[in-house]
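J.: A single structure is presented below for examination.
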Amino acid sequence: MTELSRRALISGICGIAALSMVPISAEASTLVKKLPKGRLSFKVSDAAKIVDVGNSVAIGQVKGQPVGIFRSGPSAFSAFSLACPHQGVTVERNDAGWFCSAHESKFAINGALEFGPATTGLRRVPVKVSRGVVTLG
Ligand code: FES
């Protein structure tokens with residue numbers, strides 16, 4: 001195998017491994033409650049088991065739509081739809097943020113637009129933090 005083809009193979013394997021929804025772990029998913037009207041909630045005290053500060057993960061479905069949550073501080077969160085604002089394809093998490101494989105739009109780890117054809121960031125989903133509980137939707 002030549003050096004070039006070996007490099008291409010390794011690069012391809014790493015690229016495939018890096019792309020995923022990055023859903024929360026099975027253990028973390030038990031910490032997220034499903035509420036009436038398609039909302040989700042979890043305790044701020046459990047947040048470190050769900051998502052690290054400065055990171056985002058796919059947390060589940062809010063009102064039937066896949067949603068990601070970004071943790072900007074110990075008890076500061078924002079959430080966004082994982083439906084690409086261009087044509088609705090579900091975006092996937094990679095090392096840099098969120099990526100749409102349909103037409104290659106890129107979004108920052110917090111859902112902000114980095115590269116089109118999408119013209120906006122990922123659509124915000126309401127988040128409320130009250131009395132130690134985070135509620136999405
Ligand atoms: S549907 Fe995501 S870039 Fe087109």
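No value in this document is a laboratory result; all are computed from the given coordinates. Only a predicted model underlies this, so the values are computations on that prediction, with no experimental measurement involved. No Cβ is skipped: glycine too gets one built from the backbone with ideal geometry, and neighbour counts run over all protein chains shown.
J.: Checking T90 against (1) away from the ligand (no atom under 14 Å from the Cβ); (2) closer than 14 Å to I59 by Cβ, only one condition comes out false. Which one?
T.: (1)
J.: Here is a further query. Given the conditions (1) in contact (Cβ under 8 Å) with a residue 12 or more places away in the chain; (2) within 16 Å of the ligand (Cβ to nearest atom), and given that V62 satisfies all but one, which numbered condition is not satisfied?
T.: (2)
J.: Of all residues being more than 13 Å from the ligand (Cβ to nearest atom) and free of Cβ contacts under 8 Å to residues at least 40 places away in the same chain in segment 98-137, which is surrounded by the fewest Cβ atoms within 10 Å (Cβ to Cβ)? Just the residue, please.
T.: Filtering segment 98-137 for residues that are more than 13 Å from the ligand (Cβ to nearest atom) and free of Cβ contacts under 8 Å to residues at least 40 places away in the same chain, the one surrounded by the fewest Cβ atoms within 10 Å (Cβ to Cβ) comes out as R131.
J.: Test A83 against the stated conditions and say whether it is among the aliphatic types (A, V, I, L, M), under 15 Å from T135 (Cα atoms) and surrounded by fewer than 21 Cβ atoms within 10 Å (Cβ to Cβ). If you could, list the steps in order and put the result at the bottom.
T.: Details: among the aliphatic types (A, V, I, L, M): yes; under 15 Å from T135 (Cα atoms): no; surrounded by fewer than 21 Cβ atoms within 10 Å (Cβ to Cβ): yes.
No: the conditions fail for A83.
J.: Moving on to the next point. Tell me yes or no: at least one residue of segment 39-48 is within 16 Å of the ligand (Cβ to nearest atom) and of a type outside the set (D, E, K, R). First the steps, then the outcome.
T.: So in segment 39-48, the residues within 16 Å of the ligand (Cβ to nearest atom) come out as none.
No, there is no match, as no residue in segment 39-48 is within 16 Å of the ligand (Cβ to nearest atom) and of a type outside the set (D, E, K, R).
J.: Also: Determine whether segment 51-58 contains at least one residue that is more than 15 Å from I24 (Cα to Cα) and either hydrophobic (A, V, I, L, M, F, W, C) or surrounded by 15 or more Cβ atoms within 10 Å (Cβ to Cβ) (or both).
T.: Checking segment 51-58: not a single residue is more than 15 Å from I24 (Cα to Cα) and either hydrophobic (A, V, I, L, M, F, W, C) or surrounded by 15 or more Cβ atoms within 10 Å (Cβ to Cβ) (or both).
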